[in-house]
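Structure, as structure tokens:
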Amino acid sequence: MGGSSSTASAPAEARELREQEALASAALSLPLLRAVFSRSPDLAATLSLPPASFRSAPPLETPAHFQDLLASLGPSIASLFFSRGASTDAGAGDWVAFLRGFNSCCARARASLPLAALLRVYAAACAAAGAPCGVQFRPDEDGGGDEEGGKVVGELAPGEIALLLSMCWVMAWSGLAPRVSGGEEGGKGEPVLHPDVSHLVLSALVSAGAVADDEDVWGWEVSAAGKGVSVQEFTSWVISTVPGLGNCLSRYVQDRFRSSEVDPTKESSVSTGNTTFDTSDAYLLTRGRAWSISLSVRNTLSEKFLPASVIGMDTEDLLYRSSLHGKGLSRFWSCVEGYKGPALILISAFSKTGSDNVDAGQKWGLGVLTEDGFENKDTFYGSSGFLCATYPIFRMLLPSGKEKNIMYCHLHTQLKTYEATPKPLGLAFGGSIGNERVFIDEDFSKVTIRHHAVDKTYQHGSLIPNQGYLPVEASILDFEVWGLGGQTTKRQQDIFKKREDIFSGQRRKIDLAAFGNWEDSPEKMMMDMVSDPNRPRREER
């Protein structure tokens, strides 16, 4: 009897092993996982962050318990997901348990499950660090506290949301720039400056109704006491606005496992200090905004913004900046003409005095992410694009799929022709000609924002706080365009510009040979006719 039962359980165990290995191999190679498993007693150290210290840019303050929370991150992940596989004998059963724990945090699943695992890690790390946390894990009555049984409940205060988001950014930093200043061995370098996440915190609170979407958001601070959001409301906001946040735990665990197999001497020789990178947030595309966009974009461009959130954007990708190249559509066009790749447009503006539905003197920002480059046309064009509010609230408005009025860029060329109904000169996004969702005039001095009711291209939602139904006119402070097509696209633009310069030079050249015989030229005949049209002329035969 005993032998038959053990024989029957063997195929089930083998089947589970095959299933777990198939799931795990989709994320990491099995040889790498076996190498990590062989050192399973040291998993807490393997999953811990590299030595570093972090600071916030003034006037922001580093969240309380932040450093203690980061120190508890690795042990919390190991105890939650890999405690069953941490055994010195490294038997087959422990290998299956190790794979089961790895798949619980790294295997592909519906959006809410990875986020629930991330919240569990956050709650466990807060408990180990002695930080206040309103998130609890409630196991199912029949789940027995298993990794997949139960749900996360509770409420997140504004400060806790900021702490959670900051923790997620550090997890991304650990995989992308472990040797940037502050990440040297022993943490002897300069403290790492982590980005401002207040616009994301405010977005979550406004989405849940904890903060009103009105003029008060400009004076709102994370440190101010206020109503929090439930875990369910926070989950809904993440899925709709920043779905990439749920992948932070999976990415972190995989990065730490990969780095454990890297030779330390080789890792220390890797240089991330490209002199063209700027980490001082001197541009509209700050690292916090780059990270927000990377979390919200559901395509390959996300991988372009994620490194920028850690080490800053490569300044060679800056195509145009109004404070550097001058304002105006013609100056803008001279910088972006010929760029046939994805680009990010960022605008900083403030509402004019006298506006009825937006307080005067309040600065705000918006962005446009286009994948089609720039064309001088008097009609809308484009196949895909995104609108986003960047400050003070972050929102990402995806294409609705109903229309394709992605972008409009129209300026007069050198050959001007008469138009009975001239098309407006400027940049526009969404809506229709005359009723654009966003319109920037030819001088780049004014931007007009209209209600989403006039637009069928992008999703509904306000781009600025307290927008209302009336069009809002604002003065532009700064304007940036970042090219996202990489070196190949930039090289093609350089070739295009050189070719255009050659053509322009050729058009400016004067053919002196054509003026060698002025007496026989048609130009002289026309001039003579204008001077005395009645003078008789003999036809030459």
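The values are calculated or read from the model by the stated rules, or taken from the named source; none is laboratory data. Everything quoted here is computed from the prediction, not taken from an experiment. All Cβ positions, even for glycine, are placed from backbone atoms using ideal geometry, and neighbour counts span all protein chains on display. Side chains are part of the model used for accessible areas, which takes the heavy atoms of the whole protein and leaves out ligands, DNA and RNA. Shrake-Rupley method; radii C 1.70, N 1.55, O 1.52, S 1.80 Å.
Taking the criterion of being surrounded by fewer than 21 Cβ atoms within 10 Å (Cβ to Cβ) and assigned to a helix (DSSP H, G or I), the residues of the stretch 200-211 that qualify are S207, A208.
Regarding A22, is this residue modelled with pLDDT under 90, small (G, A, S), in the same structural domain as V170 (by the TED database) and surrounded by fewer than 17 Cβ atoms within 10 Å (Cβ to Cβ)? Here the answer is no, as A22 does not meet what is asked.
Which of the residues that make up the stretch 308-321 are open to solvent by 20 Å² or more (accessible area, probe 1.4 Å) and modelled with pLDDT under 85? I311, D314 - these are the residues of the stretch 308-321 that are open to solvent by 20 Å² or more (accessible area, probe 1.4 Å) and modelled with pLDDT under 85. Residue check: F102 meets all listed conditions (1) closer than 16 Å to N247 by Cβ; (2) at pLDDT 80 or above; (3) surrounded by fewer than 21 Cβ atoms within 10 Å (Cβ to Cβ) but one, namely (3).
Restricting the first member to the stretch 213-228 and to residues that are outside the structural domain of N466 (by the TED database), and the second to residues that are part of a loop (DSSP other than H, G, I, E, B) and hydroxyl-bearing (S, T, Y), the beta-carbon pairs closer than 7 Å and six or more apart or on different chains are D213/S462. Take the conditions within 14 Å of F380 (Cα to Cα), modelled with pLDDT of 90 or more, hydrophobic (A, V, I, L, M, F, W, C) and open to solvent by less than 40 Å² (accessible area, probe 1.4 Å) and apply them to A428. Does it pass? In short, yes.
Filtering H452, H410, H460 for residues that are buried (at least 17 other Cβ atoms within 10 Å of the Cβ), farther than 23 Å from L319 by Cβ and either among the acidic types (D, E) or assigned by the TED database to the domain that holds T379 (or both) leaves a single hit, H452. When N299 is tested against (1) at pLDDT 90 or above; (2) surrounded by fewer than 16 Cβ atoms within 10 Å (Cβ to Cβ), only condition (1) is not met. As for the stretch 26-35, it holds no residue that is touching a Cys at 6+ places or on another chain (Cβ under 7 Å) and under 17 Å from L164 (Cβ atoms). What is the residue count in the stretch 393-414 for residues that are more than 22 Å from L295 (Cα to Cα) and assigned to a loop (DSSP other than H, G, I, E, B)? Adding up the residues that qualify gives 8. Considering only residues in the stretch 343-394 that are open to solvent by 50 Å² or more (accessible area, probe 1.4 Å) and within 16 Å of the chain's Cα centre (by Cα), the one that is modelled with the highest pLDDT turns out to be Y391.
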